[in-house]
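Okay, structure first, notes after.
The values are calculated or read from the model by the stated rules, or taken from the named source; none is laboratory data. Since this is a predicted model, take the numbers as computed values, not measurements. Positions of Cβ are generated from backbone atoms using ideal geometry, with glycine treated the same way; all protein chains shown enter the neighbour counts. For the accessible areas, the whole protein counts, side chains as well, though only heavy atoms, and no ligand, DNA or RNA atoms are used. Shrake-Rupley method; radii C 1.70, N 1.55, O 1.52, S 1.80 Å.
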Amino acid sequence: MDLQVRQEGEYQYIDEGEGEVLLLLHGLFGALSNWNGVVDHFSKNYRVVIPLMPIYEMALHKAGVPGLVNFVEGFVKFKKLNNLTLLGNSLGGHVGLVYTLNNPTMVKRLVLTGSSGLFEDSMGGSFPKRGNYEYVEERVGYTFYNPKTATKELVDEVFAITNSNAKCLRIIAIAKSAQRHNMAKDITNIKVPTLLIWGLNDTITPPLVAYEFNRLIDNSDLYFIDKCGHAPMMEHPEKFNSILEKYLERTPITASSV
C-alpha cells in the first residue's frame, strides 16, 4: 500500500486503520517505508501510527536518545494516544525502551527487533565514507542477510544523508549517545509483556544481544527468523507479521491492564 504521510504541527507521521494503537519507531538510517509490510497487514485490525523521528533536523545539542524520547513523548501527547503497543527497530527499539521506562502506564506491550541499548555494531563498525557510493551500498547491504534487500532507493537515500554535513553531525551524535546509553541495569525494571523478534544472522545486534534482552526482561518471549539480518520486518515481513500477530492475540490488553 502507498503510505500517506500526514503533517500536523511539527509532526510528520503515518496513521492508518482503527483499533488498538501500534506505535512504530524506526532506526537511525530508517524511514517510514521500513514498516510498509507491518502497516499493510495490521492496519486492517489495528491503528498503526509511525512518527517520522527528526533524526536529521533536531538541534545538535538535543541529538541523542533522550532528545528522541522527548520527541516521542510530545508526539504521543499531541495525538492523545494511550494503551500503546510500542514497536521499535534498532535505534527505535532503544528509544522505545527508554520511553517505556519513563512512561510505564502508557505502554501495554513492547516489541523489539534488532534493538540497540545493549550493544550494536553500527553500519558494520565504521561510518560511511562520503562520496563513495559503492562503499555505502556495501554497508547498507550489510544490514541484511540478503544484500539485495537493500533497494537502490534505500542506498540512494543513505548516500544522500552521508553527503550532508549537518545530517552526518547529527547521526554521529545520536550514535554516540546510543552507545553511551547502555541499558543493562535499567531494563530489568520493564514489566510489560515484551516480544523480541530477531534476525538469526543479524551482524549489527547479533543473536547474543537478543538472548541478553530475553534474560534481562522477565516477561519476554524471543523468536528468531533464519536467513535474516538487522531488519526482520523488511527482509521477512510475512514471518515477522505472523509472529507478531500471534503474540498480540496471546497477550490481549484487558480492562485490568488499561
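Okay, here's what the table says:
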quantity	calculated
Residues of region 34-73 that turn out to be at pLDDT 95 or above and either in contact with a strand residue (DSSP E or B) (Cβ under 8 Å, 6 or more places away or on another chain) or of a type in the set (Phe, Trp, Tyr) (or both), as a count	12
One residue from Ile204, Ile190, Ile243, Ile197 being free of Cβ contacts under 8 Å to residues at least 60 places away in the same chain and of a type in the set (A, V, I, L, M, F, W, C)	Ile243
Tally, over region 156-206, of residues that are among the aromatic types (Phe, Trp, Tyr) and either part of a loop (DSSP other than H, G, I, E, B) or farther than 20 Å from Leu24 by Cα (or both)	1
Verdict on Thr205 being open to solvent by 40 Å² or more (accessible area, probe 1.4 Å), under 26 Å from Val69 (Cα atoms) and not aromatic (Phe, Trp, Tyr)	no
Those residues of region 52-96 which are part of a helix (DSSP H, G or I), without any contact (Cβ under 8 Å) to a residue 40 or more places away in the chain and either of a type in the set (A, V, I, L, M) or under 19 Å from Asn34 (Cβ atoms) (or both), in sequence order	Val69, Phe71
Breaking point among (1) touching a Lys or Arg at 6+ places or on another chain (Cβ under 8 Å); (2) assigned to a helix (DSSP H, G or I), for Val49	(2)
Where Gly131 falls short, out of the listed (1) open to solvent by 20 Å² or more (accessible area, probe 1.4 Å); (2) at pLDDT 95 or above	(2)
Qualifying residue in region 47-69 (condition: within 20 Å of Ile253 (Cα to Cα), aliphatic (A, V, I, L, M) and touching a Gly at 6+ places or on another chain (Cβ under 7 Å))	yes
Residues within region 9-34 that are open to solvent by 70 Å² or more (accessible area, probe 1.4 Å) and assigned to a strand (DSSP E or B), tallied	1
